[in-house]
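A quick write-up on the structure given underneath.
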Amino acid sequence: HGPASDLLAGLLAVIVATPCTAPFMGVAIAVALGGPIWSGLLIFLSMGLGLAAPYGVLALVPGLAQRLPRPGGWMERLKQLLAFPLLASCVWLLWVAVLQRGGDAVLLMAGGAVLLGLGSWLYGLAQQRAMLGQAPRFVLGCRLLALLCLLVCLAGLGRSVVMDDESGSPVAATGKTGAAIQGQDGPTIEPFSAERLAALRAAGQPVFVDMTASWCVTCMVNEHVALDVPSVRQAFRQHGVTILRGDWTRRDERITAFLRAHDRDGVPLYLYYPSGGAEQVLPQILTPGLVLDVLSPAGKRGKEE
């Protein structure tokens, strides 16, 4: 109990909330890390205040606590139910890790999860025995084994970072990297490069630039809802548009430079270059109608910069 306990409880709440909030905070976090120190502090302070807002309101207006549901067995069931979205986040993050590192990521992450589970179980067992005042040597042994599990996980994480730095380009597992893709009912999709963009524009061909990342929820939703749909694919093909897709999953420096040249610190970024026209910047949230409007001649005239 006390201020230290409250601080640690707040830190635990932030850590537990990270798998749910991080995908939706990607743009804000990118701005915070890529901008000046004062703006980063303001952004993280705002996020912290938002997380603490419910507790702050209850502290300022104690009467509201009486309107909350009474504690009971439903809390335990709700806690268990809310664990499943977190487990789903783990599955999604494992998929992202496989795209980045290949099959080795499955062994690394699954093995780490088993070790963390074992360490947590040993630590909980030690707590139970300590509260009962039993077997101090057993308690110490369990705690040491739990610490060993944690250290092994950290060592594996450190090794993963080293291997990631030593490896080359991202794994071409999703069609976002590698050779060009020509679909029967869609446009030609090529990996992004500034040189290829310049060549296509010099040739007078319309180009759609799609800056994305596997961990970007907004990017994935836009791709499935607005870009990879029959009407939009047909419009891309009808207008002879080439899609240059930049995969920023592992922070390609060339893509980073392109983003910063357009005053962006993160993805998604969507640009359209009509044949012989000026660059058009699309919103971060796309709809099929918006993309079709940009591709139409009327959309070109109305949105040119």
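In table form, for the structure just shown:
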| read-out | value |
| --- | --- |
| Test: residue in the range 196-213 that is within 22 Å of residue 267 (Cα to Cα), at pLDDT below 90 and under 23 Å from the mean Cα position of the chain (by Cα) | yes |
| Residues satisfying the stated conditions in the range 104-139, i.e. surrounded by 13 or more Cβ atoms within 10 Å (Cβ to Cβ) and more than 24 Å from residue 86 (Cβ to Cβ) | 126, 129, 130, 135, 138, 139 |
| Check on residue 263, among the acidic types (Asp, Glu) and either surrounded by 14 or more Cβ atoms within 10 Å (Cβ to Cβ) or over 21 Å from the mean Cα position of the chain (by Cα) (or both) | no |
| Residue 120 vs. criteria over 23 Å from residue 220 (Cβ atoms) and either touching a helix residue (DSSP H, G or I) at 6+ places or on another chain (Cβ under 9 Å) or among the charged types (D, E, K, R) (or both) | yes |
| Count - residues of the range 231-248 that are part of a helix (DSSP H, G or I) and under 27 Å from the mean Cα position of the chain (by Cα) | 2 |
| Hits in the range 92-139 (condition: among the aromatic types (Phe, Trp, Tyr) and either on the phi > 0 side of the Ramachandran plot or under 30 Å from the mean Cα position of the chain (by Cα) (or both)) | 92, 95, 121 |
| Of all residues making up the range 223-238, the number that are out of contact with any Pro (no Cβ under 6 Å at 6 or more places or on another chain) and not small (Gly, Ala, Ser) | 9 |
| When residues of the range 29-41 are limited to those that are among the hydrophobic types (A, V, I, L, M, F, W, C), farther than 15 Å from residue 263 by Cβ and surrounded by 14 or more Cβ atoms within 10 Å (Cβ to Cβ), the one modelled with the highest pLDDT | 32 |
| Filtered residue count, the range 140-183, keeping only those that are at pLDDT 55 or above, surrounded by 15 or more Cβ atoms within 10 Å (Cβ to Cβ), under 26 Å from the mean Cα position of the chain (by Cα) and among the charged types (D, E, K, R) | 0 |
| Some residue of the range 218-226 being surrounded by fewer than 16 Cβ atoms within 10 Å (Cβ to Cβ), at pLDDT 90 or above and out of contact with any Phe, Trp or Tyr (no Cβ under 8 Å at 6 or more places or on another chain) | yes |
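The values are calculated or read from the model by the stated rules, or taken from the named source; none is laboratory data. Just so you know, these numbers come straight off a predicted model, no measurement behind them. In this analysis, Cβ positions are derived from the backbone assuming ideal geometry, glycine residues included, and neighbour counts consider all displayed protein chains.
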